[in-house]
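Have a look at the structure below, then the notes.
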Amino acid sequence: MPIFQKLLSSTIPACFALLVLLSFVGCSSHESKGHKRINNNVHKLSPQMTFDITLHGVLLWASTGFLMPIGVITIRMCNREECGRKVRVIFYVHTTLQVLSVLIATAGAIMSIKNFENSFNNYHQRIGLALYGAIWVQALIGFCRPGRRSKGRSVWYFVHWILGTTVSVVGMINIYTGLEAYQKKTSRSIRLWTVLFTAEVCLMAFFYLFQDKWEYMQKQGVIMGNEAVTPSDQVIPTQRENSLKEILTEPCRKKNALMNHFMN
């Protein structure tokens, strides 16, 4: 299976390098933990640093908290479309959203490396590092998409689907950890942003689950609470009408048969 081998050759080195980097960062973070705590207590954040932290949060929200989940929801619409033109449009929208999310996440990561002192001593930074590597692995897998009739298509689809869904869910979780880190850094309230982001997540989750139920509702003959006539509703009256006609026409048949017998 050449496609499966390509997927393994592209994902295994990236994951191995990511694990090595995480282990190196984890060892160095314990040595500088006490020193960083002293610096955080002595030095206050400047307005420029506060702006950089806020912009970093907005970029990562736009990437993993909005564009990426919207792209996942968009591509699921292909399952309900039969026209090739609509499927191509949906596919291009999905690709555009995912490419934008990768570029914005890259900008946020570069900004974090350039402007922040990343000791990787908290969950937000560690998850963010692993998430950034997984985003690029997912992008490479997406560009290695095989043809529909190839043997490795099903394997590719499963890997792309499970990794994309995991990246979206973990990205949303990391936004919550980022809000907590923002509160610790700036001592500002995050209640409003937490409520707004939670409402967004609930709305997208509802729409994600509603996509499957909409087709089921149409098949059941119920659309938005209005009952539609189904074929099963038409069978019973038709059968009753046929049986009633047979009962009414049976005496006439017997009478005609007797008349023909006597006349002959």
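The values are calculated or read from the model by the stated rules, or taken from the named source; none is laboratory data. Computed from a predicted structure; not experimentally measured. Don't worry about glycine lacking a Cβ; one is built from the backbone with ideal geometry, like all the others, and counts go over all protein chains shown. We work out accessible area using only protein heavy atoms, side chains counted, and drop any ligands, DNA or RNA first. Shrake-Rupley method; radii C 1.70, N 1.55, O 1.52, S 1.80 Å.
Heavy-atom accessible surface of W193, to the nearest 10 Å², is about 150 Å², with a 1.4 Å probe and all protein chains retained. Around T50, with a cut-off of 12 angstrom between Cβ atoms, what is the net charge of the other residues, counting Lys and Arg +1 and Asp and Glu -1? Surrounding charge for T50 is +2.
K213 sits with roughly 120 Å² accessible to a 1.4 Å probe, with DNA, RNA and ligands left out of the calculation.
If you take the square roots of the eigenvalues of the alpha-carbon gyration tensor of segment 108-210 and sort them as a ≥ b ≥ c, do you get rounded (a/c under 1.5), prolate (a/b over b/c) or oblate? Here segment 108-210 falls in the oblate category. Each of V72, V93 has its accessible area taken with a 1.4 Å probe; listed largest first, they run V93, V72. Each residue of segment 177-194 was assigned a 3J(HN,Hα) from its phi angle through the Karplus curve 6.51 cos²θ - 1.76 cosθ + 1.60 (θ = phi - 60°); the sequence is 5, x, 5, 5, 5, 5, 5, 5, 6, 9, 6, 9, 6, 10, 4, 4, 5, 5 Hz, with glycine and proline shown as x.
Report the residues of segment 158-175 in range of a label on I113: point 7 Å along Cα→C-beta, backbone N strictly under 14 Å from it. Answer for this model: none.
In the context of the full protein assembly, H124 retains an accessible surface of approximately 40 Å², using a probe radius of 1.4 Å and ignoring ligands and nucleic acids. Couplings for segment 52-59, taken from phi via the Karplus curve 6.51 cos²θ - 1.76 cosθ + 1.60 with θ = phi - 60°, read 5, 5, 5, 5, 4, x, 5, 5 Hz in order; Gly and Pro are left as x. Each of S119, S154 has its accessible area taken with a 1.4 Å probe; listed largest first, they run S154, S119.
Heavy-atom accessible area with a 1.4 Å probe sorts C144, C202, C78, largest first, into C202, C144, C78.
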